[in-house]
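Some notes on the structure that comes next.
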Amino acid sequence: MCRNITTLRGLEPPATPAEIDAAARQYVRKVSGVQAPSAATADAVERAVRSVAEATAALL
């Protein structure tokens with residue numbers, strides 16, 4: 001897994017929505033292998049980022 005994704009749990013002050021979104025975006029790029037979404041993959045990538053960000057926020 002990507003070692004560059006920042007651990008968000010326990011941050012002081014707590015992780016912001018922007019930090020959560022950035023981590024979700026990094027995760028989706030890593031697992032999908034899509035660094036720059038094409039027109040054909042952009043919607044799926046954005047849905048995945050939203051889902052991962054929601055799950056991350058719930059976890060934190």
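The values are calculated or read from the model by the stated rules, or taken from the named source; none is laboratory data. What you are looking at is a predicted structure, and each value in this text was computed from that prediction instead of being measured. Just the protein is used for accessible areas: all its heavy atoms, side chains included, with ligands, DNA and RNA removed. Shrake-Rupley method; radii C 1.70, N 1.55, O 1.52, S 1.80 Å.
List the number of the failed condition for Ile20; all other conditions in (1) open to solvent by less than 50 Å² (accessible area, probe 1.4 Å); (2) not in a helix (DSSP H, G or I) hold.
(2)
Within the range 7-17, can one find any residue that is assigned to a helix (DSSP H, G or I) and small (Gly, Ala, Ser)? Reasoning before the result, please.
Just the residues of the range 7-17 that are assigned to a helix (DSSP H, G or I), to begin with: 17.
Of the ones still in play, those that are also small (Gly, Ala, Ser) are none.
No, that holds for no residue.
So, in the range 23-43, how many residues would count as being assigned to a helix (DSSP H, G or I), open to solvent by 50 Å² or more (accessible area, probe 1.4 Å) and of a type in the set (Gly, Ala, Ser)?
Of the residues in that region, 1 qualify.
Could you grab me the full set of residues in the range 44-60 that are among the aliphatic types (A, V, I, L, M) and not in a loop (DSSP other than H, G, I, E, B)?
Here is the first cut: in the range 44-60, the residues among the aliphatic types (A, V, I, L, M) are 44-45, 48-49, 52-53, 55, 57-60.
Scanning the range 44-60 gives Ala44, Val45, Ala48, Val49, Val52, Ala53, Ala55, Ala57, Ala58, Leu59.
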